[in-house]
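Heads up, the thing below is written out as structure tokens.
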Amino acid sequence: MHRVKVISGHLSSYPPQGGNRKCNINHCRARAAVSGPEDVVVVHGRRTAIGKAKRGLFKDTTPDELLSAVMKAVMTDMGLSPDRLGDVCVGNVLQPGAGAVMARIAHFLSEFPETVPVYTVNRQCSSGLQALFNIAGAIKSGSIDLGLACGVESMSLQEMGNPGDLSPRLVDFEKARACVVPMGITSENVAERFGISREKQDAFAVSSHQKADRAQRSGRFEAEIVPVVTRVTDAEGTESTVTVLKDEGVRPSTTLEGLGKLRAAFRADGSTTAGNSSQVSDGAAALLLGRRSAVEALGLPVLGVLRASAVVGVPPDMMGIGPAYAIPAALEQAGLIVADIDVFEINEAFASQAVYCVEKLGLPLDRVNPNGGAIALGHPLGCTGARMAVTLLHELQRMGRRGYGVVSMCIGTGMGAAAVFEYPGP
């Protein structure tokens, strides 16, 4: 409780004075971007289905195989030779060395030439989105014309919870100590500090499953999911070949009554449960980005335009509030307001933080995660930011008209990230 009171003091005047938060995002409009040949555009994006970690069909599939599946699919769909790529960036959290060796192996499993470079990035839950930011930055700077931004995670084959070698001096610094607070406790902090009730959290979780179920049954995910042929071993040790086509975490039977029976997972008197938290998962996603002039010269389509990106810092003990500050920063940069946005994809690390962000920003619930989020679909850490961008762009395309969307993530050590995309229309 003392820690929550301390953080409450930090947040009472958050963001800090001098921060770049000049306007209320519901009432102030800056200059909107104008299209031009230097725009960073998304050409195409695909993802794997999301598997249940330890129990699902990807439990025996290595991350390099998952990553290779989406890398190949994106390039094959566009009929583009991999040697056209200037760089490849892969978001990953749990693999040793942030998956640097794994990513290069996936590169060769995809039959990409050795002359095309690849590297990895770890910004925790936002790693896949950071990969997109990195490739976009290289395009914007003129370093490359085309690049592939990816995210991948196998939470079946790698364990969470080991922060590595840390200085014993971290105990002397309050914010440093807060960086190693368990994520579930940060959820409890948000719920307590901002009065997010168990009922609100459970209702949000039920809605996530209902939305994901509708999307799955109506075939909305089919265009974005790459079929993956892999092998899985059952409890008796029998190995079989399967084709994975469908997200495994969606539970259509989820009810408020059922969630209400679950015990708190992180604190005896808490409100965060296994039912209103994201699922641990396996999956991969990839997006092809380019400079508009180069993309048009190659005759490639434009699925979306990256209009803005932002990463902000927030108190580590309240890491889930990150989107509530990153989204305004990105919207201000794009010259847009909440009312302009057709779809918000906000990571559902925990229902407490998702509900807080929705309420803080006054977001219309029907525009938030219209096809469900991580509570229903799952949250393969390094993949999720890229997965959400793929899902968002496909959803905007499905609307069939010009529109705008936002992807936003909370980040474990106390940050938030957001990107604004424009779909130019059919």
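Details
- Any hit, segment 219-230, residues being over 30 Å from Thr413 (Cα atoms) and hydroxyl-bearing (Ser, Thr, Tyr): yes
- Count - residues of segment 277-290 that are touching a helix residue (DSSP H, G or I) at 6+ places or on another chain (Cβ under 6 Å) and either in a loop (DSSP other than H, G, I, E, B) or surrounded by fewer than 23 Cβ atoms within 10 Å (Cβ to Cβ) (or both): 1
- Look at (1) among the hydroxyl-bearing types (Ser, Thr, Tyr); (2) without any contact (Cβ under 8 Å) to a residue 40 or more places away in the chain; (3) surrounded by 10 or more Cβ atoms within 10 Å (Cβ to Cβ) and you find that Ser141 fails only one, number (3).
- In segment 72-118, the residues that are assigned to a loop (DSSP other than H, G, I, E, B) and among the hydrophobic types (A, V, I, L, M, F, W, C): Leu80, Leu85, Val93, Leu94, Phe112, Val116
- Matching entry among Ala326, Ala297, Ala274 (being closer than 19 Å to Leu381 by Cβ and either without any contact (Cβ under 8 Å) to a residue 12 or more places away in the chain or surrounded by 16 or more Cβ atoms within 10 Å (Cβ to Cβ) (or both)): Ala326
- Remark: Glu153 matches the filter, which requires a residue to be under 30 Å from Val232 (Cβ atoms), acidic (Asp, Glu), in contact (Cβ under 8 Å) with a residue 60 or more places away in the chain and in a strand (DSSP E or B).
- Count of residues meeting criterion [within 24 Å of Pro63 (Cβ to Cβ), among the acidic types (Asp, Glu) and exposed (fewer than 12 other Cβ atoms within 10 Å of the Cβ)] in segment 222-270: 2
- Considering segment 155-198, the residues that are of a type in the set (Asp, Glu), exposed (fewer than 13 other Cβ atoms within 10 Å of the Cβ) and over 21 Å from the mean Cα position of the chain (by Cα) include one that is nearest to Ala274 (Cα to Cα), namely Asp165.
- Within segment 73-119, the set of residues being surrounded by 24 or more Cβ atoms within 10 Å (Cβ to Cβ) and within 22 Å of Glu159 (Cβ to Cβ) comprises Val90, Gly91, Asn92, Val93, Gly99, Ala103, Ala106.
- Number of residues in segment 337-353 that are in contact with a strand residue (DSSP E or B) (Cβ under 6 Å, 6 or more places away or on another chain) and either of a type in the set (A, V, I, L, M, F, W, C) or surrounded by fewer than 24 Cβ atoms within 10 Å (Cβ to Cβ) (or both): the value is 8.
- Residue within segment 380-399 that is part of a strand (DSSP E or B), of a type outside the set (Ser, Thr, Tyr) and closer than 20 Å to Met183 by Cβ present: no
- Selection status of Gly416, modelled with pLDDT of 95 or more and either within 30 Å of Leu66 (Cβ to Cβ) or outside any strand (DSSP E or B) (or both): yes
- Selection from segment 179-212 of residues that are assigned to a loop (DSSP other than H, G, I, E, B) and free of Cβ contacts under 8 Å to residues at least 60 places away in the same chain: Val180, Gly195
- Residues considered: Arg104, Arg123, Arg177. Of these, the only one that is modelled with pLDDT under 95 and either closer than 24 Å to Val42 by Cα or not acidic (Asp, Glu) (or both) is Arg177.
- For segment 213-230, the set of residues classified as assigned to a helix (DSSP H, G or I) and either hydroxyl-bearing (Ser, Thr, Tyr) or out of contact with any Lys or Arg (no Cβ under 9 Å at 6 or more places or on another chain) (or both) consists of Ala215, Arg217, listed by residue number.
- Pairs with Cβ under 7 Å, 6+ apart, first in segment 235-264 and in a loop (DSSP other than H, G, I, E, B), second surrounded by 14 or more Cβ atoms within 10 Å (Cβ to Cβ) and hydroxyl-bearing (Ser, Thr, Tyr): Gly249/Ser281; Leu262/Thr273; Arg263/Thr273
The values are calculated or read from the model by the stated rules, or taken from the named source; none is laboratory data. The model shown is predicted, which means the values in this text are computed figures rather than measured ones. Note that we place each Cβ from the backbone using ideal geometry, even for glycine, and neighbour counts take in every protein chain shown.
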